[in-house]
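I'd like to ask some things about the structure below.
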């Protein structure tokens with residue numbers, strides 16, 4: 001047993017729900033919950049459900065507004081997803097929320113068979129993606145995108161910020177087919193430009209540059225944009241392609257970028273295997289494109305508990321790590 | 001006495017006459033044997049065993065429009081146990097939802113009558129086969145129908161072995177919690193699963209007490225006793241506030257003595273010369 005005391009004060013987290021908004025200049029509260037209410041006001045088919053995580057997935061806002069259209073399913077994720085499929089079969093559009101880990105690990109067969117093979121029009125919205133919780137391996141969804149990408153016919157989305165979360169919520173409500181969307185909940189940073197337009201299946205070139213290109217998804221795009229600004233200060237022109245829909249993958253946009261800027265850094269709040277980096281590598285092989293690729297993401301391990309800044313630093317997910325990765329590839 | 005309960009122009013006419021249901025069931029068993037004979041093997045034990053129950057559901061309870069299988073106000077019949085497809089296809093053909101002639105394609109490459117029923121086939125509400133799904137989806141259907149003000153009911157056929165799946169009990173909690181009294185779970189107890197009898201594989205009894213403890217209005221009847229089945233469904237209709245579990249005890253291979261007497265009949269292989277005997281035994285059965 002170690003008796004060495006910490007030499008300096010540490011960040012702490014005692015909560016499952018840590019906020020990633022520290023330091024953000026602009027934020028929105030519960031963008032998913034409010035966007036779902038707006039969508040449901042226009043579309044009576046929309047219903048909400050959760051597995052004992054209403055308050056923690058922002059769907060409580062919908063439940064308060066539409067109590068008759070909200071179904072509490074208890075701590076039972078297979079029942080949650082199965083019942084969502086059943087609701088969809090009666091013509092409704094269920095939004096079912098839980099955490100990434102519980103949706104994808106506990107209810108995988110129900111998503112694969114009930115939702116995807118059954119082509120049920122269900123929307124699974126799952127919180128605590130990657131290292132957005134300090135609660136450790138039980139709650140950090142680090143391989144969910146890999147699992148969901150491997151299911152035929154499922155749409156998989158990892159939004160960047162509050163703006164995109166709200167837009168994607170409206171878009172998937174109108175989309176006919178099963179969707180898995182990662183959820184940023186609580187106080188969520190606004191980092192994309194006001195004119196940003198989300199479209200299912202479309203990647204967006206947020207910044208152009210010919211020296212190196214970041215391809216990022218989810219909240220990592222906030223950090224790739226910051227890294228690109230840092231690099232610009234030292235004369236390096238970095239492009240940023242934001243791929244919020246992992247599946248269907250925007251092969252055209254990605255292949256065009258790979259052909260033009262073959263020095264690539266991928267960034268994802270997820271395992272470096274099975275998610276965005278793998279999709280980019282697959283595409284490069286398919287298209288016969290020679291690229292240099294550095295993959296920034298969570299390595300092959302379960303992560304520690306800790307504060308979010310500590311975890312981002314510990315596992316190499318900060319903007320500074322991204323800028324360094326770009327510099328390395330340019331050497 | 002033949003008692004026609006409801007017969008609007010396009011909905012299937014229902015009857016509560018045991019003799020009429022028995023005749024339907026016998027016709028369905030003949031379909032089952034014909035399908036099995038073409039393939040030479042299969043879940044013929046389940047198909048024969050469940051025919052009386054399916055005949056009762058399809059011809060005394062289920063509100064359907066054979067020419068419009070996706071009629072939004074229809075009652076839903078959800079087959080969890082996809083491998084019982086052979087029995088379901090027989091019912092769907094007898095009800096006029098799929099053509100009788102098509103039964104000869106059962107299990108053939110390219111046929112929509114797959115060994116495990118896919119929802120792309122008319123009258124199949126859900127792709128079953130991955131066990132433990134049916135009741136969860138049935139709960140969702142029942143919630144959705146009620147929210148939309150429809151008085152349609154949801155019938156889910158699951159098996160004794162399926163009571164080993166945890167998700168079945170998650171759904172049982174949900175059905176009772178949400179007071180889905182238009183949801184009827186029919187649990188087929190044929191005392192066989194892939195590795196043998198449930199009592200040997202993983203004990204599930206006492207089923208009546210378990211479902212009752214989960215908050216369900218529960219009954220247990222013989223799955224071959226038409227008056228008892230009719231009475232059970234009538235009691236379900238008359239009991240508000242709770243979902244309904246009807247545990248039915250059935251005999252695998254019912255109607256074909258040679259199959260009834262097989263010790264292991266979860267998946268039956270039949271020699272070519274045995275079919276004539278099977279057909280004769282079915283013809284001679286009650």
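The values are calculated or read from the model by the stated rules, or taken from the named source; none is laboratory data. Just so it is clear, the model here is predicted, and its values are computed rather than measured. With ideal geometry, Cβ positions are generated from the backbone for all residues, glycine too; neighbour counts draw on all protein chains shown.
Would you be able to tell me the number of residues in the stretch A:268-298 that are in a loop (DSSP other than H, G, I, E, B) and under 17 Å from the mean Cα position of the chain (by Cα)?
Count: 4.
Considering only the stretch A:248-261, I want to know if a residue exists there that is closer than 29 Å to residue A:25 by Cα, surrounded by 19 or more Cβ atoms within 10 Å (Cβ to Cβ) and in contact with a helix residue (DSSP H, G or I) (Cβ under 8 Å, 6 or more places away or on another chain).
Among the residues of the stretch A:248-261, not one is closer than 29 Å to residue A:25 by Cα, surrounded by 19 or more Cβ atoms within 10 Å (Cβ to Cβ) and in contact with a helix residue (DSSP H, G or I) (Cβ under 8 Å, 6 or more places away or on another chain), which makes the answer no.
Given the conditions (1) buried (at least 19 other Cβ atoms within 10 Å of the Cβ); (2) in contact (Cβ under 8 Å) with a residue 24 or more places away in the chain; (3) closer than 22 Å to residue A:198 by Cα, and given that residue A:295 satisfies all but one, which numbered condition is not satisfied?
(3)
Pick from the stretch B:107-152 the residues that are crowded, with 24+ Cβ neighbours inside 10 Å, more than 8 Å from every other protein chain (Cβ to nearest Cβ) and not in a helix (DSSP H, G or I): which of them is modelled with the lowest pLDDT?
Result: B:117.
Next up: Restricting attention to the stretch B:210-225, does a residue exist that is crowded, with 19+ Cβ neighbours inside 10 Å, within 14 Å of chain A (Cβ to nearest Cβ) and closer than 22 Å to residue B:50 by Cβ?
No, every residue in the stretch B:210-225 fails to be crowded, with 19+ Cβ neighbours inside 10 Å, within 14 Å of chain A (Cβ to nearest Cβ) and closer than 22 Å to residue B:50 by Cβ.
OK, next. Checking residue A:85 against (1) under 30 Å from residue B:149 (Cβ atoms); (2) surrounded by fewer than 24 Cβ atoms within 10 Å (Cβ to Cβ), only one condition comes out false. Which one?
Here residue A:85 clears every test but (2).
When the residues of the stretch B:192-201 are narrowed to those that are in contact with a helix residue (DSSP H, G or I) (Cβ under 8 Å, 6 or more places away or on another chain) and touching a residue at least 60 places away in the same chain (Cβ under 8 Å), which ends up farthest from the other protein chains (Cβ to nearest Cβ)?
B:192
Follow-up. For the stretch B:190-261, give me every one of the helices (runs of 4 or more DSSP H) that falls completely inside it and has 1 or more residues that are farther than 30 Å from residue B:280 by Cα.
B:198-201, B:207-213, B:226-237
Got a sec? Which of A:209, A:218, A:235 is surrounded by fewer than 20 Cβ atoms within 10 Å (Cβ to Cβ) and either touching a strand residue (DSSP E or B) at 6+ places or on another chain (Cβ under 7 Å) or not in a loop (DSSP other than H, G, I, E, B) (or both)?
It is A:209.
Looking at the stretch B:234-250, can you tell me whether even one residue there is farther than 23 Å from residue B:151 by Cα and loosely packed, with under 15 Cβ neighbours inside 10 Å?
no
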